[in-house]
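Read through the structure below, which is laid out as structure tokens, and then see the notes.
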Ligand code: EPZ
């Protein structure tokens with residue numbers, strides 16, 4: 001078990017670069033399957049979820065050459081259309097690889113992706129909408145088998161603007177002579193990055209970033225080089241690190257417009273925010289003001305930033321109310337933070353009332369999910385004394401060298417490779 005040992009109570013100052021986006025990288029890596037040619041990707045974050053996705057591509061037959069944040073994938077030799085169960089279980093979002101395999105081979109088999117600690121994370125929206133575009137699905141206890149002669153032109157409406165379902169349907173629809181329109185589509189910036197990547201390969205994906213995406217099938221895709229967008233969730237995490245330690249932090253290589261709602265809420269807490277083209281600077285107030293917010297699909301407050309922002313509010317001067325509308329179990333990490341002296345009341349599983357406290361106490365914590373781990377680290381930075389955050393394997397799935405980045409800002413984080 002790996003852990004971070006954090007000597008807290010230090011105000012963070014300085015500048016740090018944001019890595020490439022985990023949630024843009026995963027669907028783009030899936031998309032490299034479709035062309036059967038070489039794809040060169042830059043600014044890929046060197047994180048566990050990317051490494052597992054590359055393992056899946058190799059298991060299908062792709063050739064992968066990785067050098068830190070750059071990867072060359074040659075998908076010419078891919079022949080296998082079965083996503084290995086052991087890798088599906090490691091990475092639930094690998095279900096979007098299904099859409100890419102269907103685009104090229106018109107068949108795919110995979111097992112149910114595991115849920116995780118933030119919720120059941122079903123894939124019903126993926127499967128029911130696959131059927132609407134002509135994909136036959138046979139579900140047995142072990143595998144989900146998808147087959148189609150061709151993708152059919154359809155105008156579909158998602159019951160919920162699911163990011164993964166939107167991505168899977170776009171990927172499945174890019175090859176052929178059909179025209180698919182996805183209404184009530186997710187509008188996250190990562191969807192735009194996927195569409196930009198596909199269109200650079202010669203696909204015809206229109207309207208990404210709006211709630212209606214039109215995909216006109218083409219015969220083939222070509223070789224491509226592409227730079228992944230910055231990680232807006234990591235940028236938010238680093239800014240909140242500055243806010244929770246009463247410091248002053250500037251994050252570079254970020255698209256400020258991708259986190260405008262988070263920046264507006266940080267201003268409400270009293271933080272001074274300065275935005276430039278590719279950077280954001282935050283100066284924390286002496287005392288944080290309480291703030292209420294609710295998570296919603298983009299462009300609302302992002303669920304992935306909710307745990308870190310909720311942690312910030314445990315130190316505000318007053319009472320805040322947070323409502324999590326996307327995942328049913330995304331407050332679990334707060335049970336661990338109670339060991340540090342936070343004061344919260346859960347109303348109905350979706351809403352917590354946070355009564356700010358003057359300080360947090362050092363503690364021994366155990367992470368159970370990615371953003372919960374990041375939140376525990378932020379709390380540890382604010383608490384005087386030494387806090388240990390165990391199970392940081394969860395963190396390493398989605399953050400590249402967060403310890404190094406925080407230490408560059410004046411923190412004291414020691415990574416220990418436990419037993
Ligand atoms: C993506 O997950 C992100 N992951 C998540 O980031 C992010 O929290 C989420 O979008 C929402 O923004 C990646 O991009 C790899 P959804 P995804 O489908 O696609 C329900 C992180 O921390 N739903 O938009 O799984 C689902 O249960 C991760 O980086 C169905 O009911 O999210 C959830 O309640 C966590 N049926 C809601 O929709 C389905 O078929 C949103 O899920 C699909 C989803």
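Hey, can you tell me all the residues within the range 377-406 that are in a helix (DSSP H, G or I) and under 18 Å from residue 47 (Cβ atoms)? It would help to see each step written out before you state the result.
Step one: list which residues in the range 377-406 are in a helix (DSSP H, G or I), which gives 377-382, 393-396, 402-406.
Matches in the range 377-406: 377, 393, 394, 395, 396, 402, 403, 404, 405, 406.
Would you check if residue 169 is closer than 27 Å to residue 107 by Cβ, surrounded by 18 or more Cβ atoms within 10 Å (Cβ to Cβ) and over 17 Å from the mean Cα position of the chain (by Cα)?
Details: closer than 27 Å to residue 107 by Cβ: yes; surrounded by 18 or more Cβ atoms within 10 Å (Cβ to Cβ): yes; over 17 Å from the mean Cα position of the chain (by Cα): yes.
Here the answer is yes, as residue 169 does meet what is asked.
Can you tell me which residues in the range 284-302 are touching a residue at least 40 places away in the same chain (Cβ under 8 Å) and farther than 23 Å from residue 161 by Cβ? It would help to see each step written out before you state the result.
Of the residues in the range 284-302, the ones touching a residue at least 40 places away in the same chain (Cβ under 8 Å) are 284, 286, 288, 290, 297-299, 301-302.
The answer is 284, 286, 288, 290.
Could you grab me the full set of residues in the range 389-405 that are in contact with a helix residue (DSSP H, G or I) (Cβ under 6 Å, 6 or more places away or on another chain) and either away from the ligand (no atom under 16 Å from the Cβ) or free of Cβ contacts under 8 Å to residues at least 24 places away in the same chain (or both)?
389
Search the range 90-127 for residues being touching a strand residue (DSSP E or B) at 6+ places or on another chain (Cβ under 9 Å) and within 11 Å of the ligand (Cβ to nearest atom), and hand back the single one that is nearest to residue 162 (Cα to Cα).
123
Here, each number is a calculation from the coordinates, and none is a lab measurement. Because the structure is a prediction, the values reported are computed rather than measured. Note that each Cβ is placed from the backbone with ideal geometry, even for glycine, and that neighbours are counted across all protein chains shown.
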